[in-house]
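Right, one structure below, let's go through it.
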Amino acid sequence: MLIGLMRPVETRSVAIEAADLADVQVQLAAQRPEGFDLVSSPVEMIKGAAILKVVGTFARRDQVTRIEADDMAALRAKVPEGWQLLNVLKV
């Protein structure tokens with residue numbers, strides 16, 4: 001018997017402009033969707049201006065679901081489109 005954990009694969013991005021890195025953090029925290037974590041936020045400085053451009057990317061990290069199957073092929077078959085298998089435990 002195999003037990004697997006899976007979760008949905010979903011990302012969302014948001015573009016912001018800020019005066020400094022502290023403001024970037026505040027704005028990105030305010031834009032974070034429920035169940036998502038910030039996974040990327042590259043900063044670009046605008047030439048000739050005191051503004052930072054940032055594209056924050058958030059990835060879904062909730063809705064972890066347990067599935068069971070007798071073998072690996074059957075376990076993979078239970079993972080729907082748009083979901084990823086996180087780990088597998090043999091019991």
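The values are calculated or read from the model by the stated rules, or taken from the named source; none is laboratory data. As the structure is a prediction and not an experimental result, all values here were calculated from the model. Because the Cβ atoms are built from the backbone with ideal geometry, glycine has one as well, and the counts that use them run over all protein chains shown. The protein model used for the area step is the full one, side chains on, heavy atoms only, and it has no ligands, DNA or RNA in it. Shrake-Rupley method; radii C 1.70, N 1.55, O 1.52, S 1.80 Å.
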Please enumerate the residues belonging to the stretch 13-32 that are surrounded by 11 or more Cβ atoms within 10 Å (Cβ to Cβ) and within 16 Å of the chain's Cα centre (by Cα).
13, 14, 28, 31, 32
By residue number, the members of the stretch 1-12 that are assigned to a strand (DSSP E or B) and open to solvent by less than 80 Å² (accessible area, probe 1.4 Å) are 2, 3, 4, 5, 6, 7, 8
Scan the stretch 57-91 for residues that are hydrophobic (A, V, I, L, M, F, W, C) and not in a strand (DSSP E or B) and jot them down.
64, 72, 73, 74, 75, 77, 79, 91
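Kindly evaluate residue 89 against the criterion of being modelled with pLDDT of 95 or more and open to solvent by 80 Å² or more (accessible area, probe 1.4 Å). It would help to see each step written out before you state the result.
Working: modelled with pLDDT of 95 or more: yes; open to solvent by 80 Å² or more (accessible area, probe 1.4 Å): yes.
In short, yes.
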Where a residue in the stretch 21-46 is part of a helix (DSSP H, G or I) and its partner, wherever it lies, is among the hydroxyl-bearing types (Ser, Thr, Tyr) and open to solvent by less than 70 Å² (accessible area, probe 1.4 Å), with Cβ under 9 Å and at least six apart:
24/41; 25/41; 28/41
Filter the stretch 48-73 for residues that are of a type in the set (A, V, I, L, M) and open to solvent by less than 40 Å² (accessible area, probe 1.4 Å); which is nearest to the chain's Cα centre (by Cα)?
59
Quick one: residue 83 ticks every box in (1) over 30 Å from residue 26 (Cβ atoms); (2) loosely packed, with under 12 Cβ neighbours inside 10 Å except a single one, so which number is it?
(2)
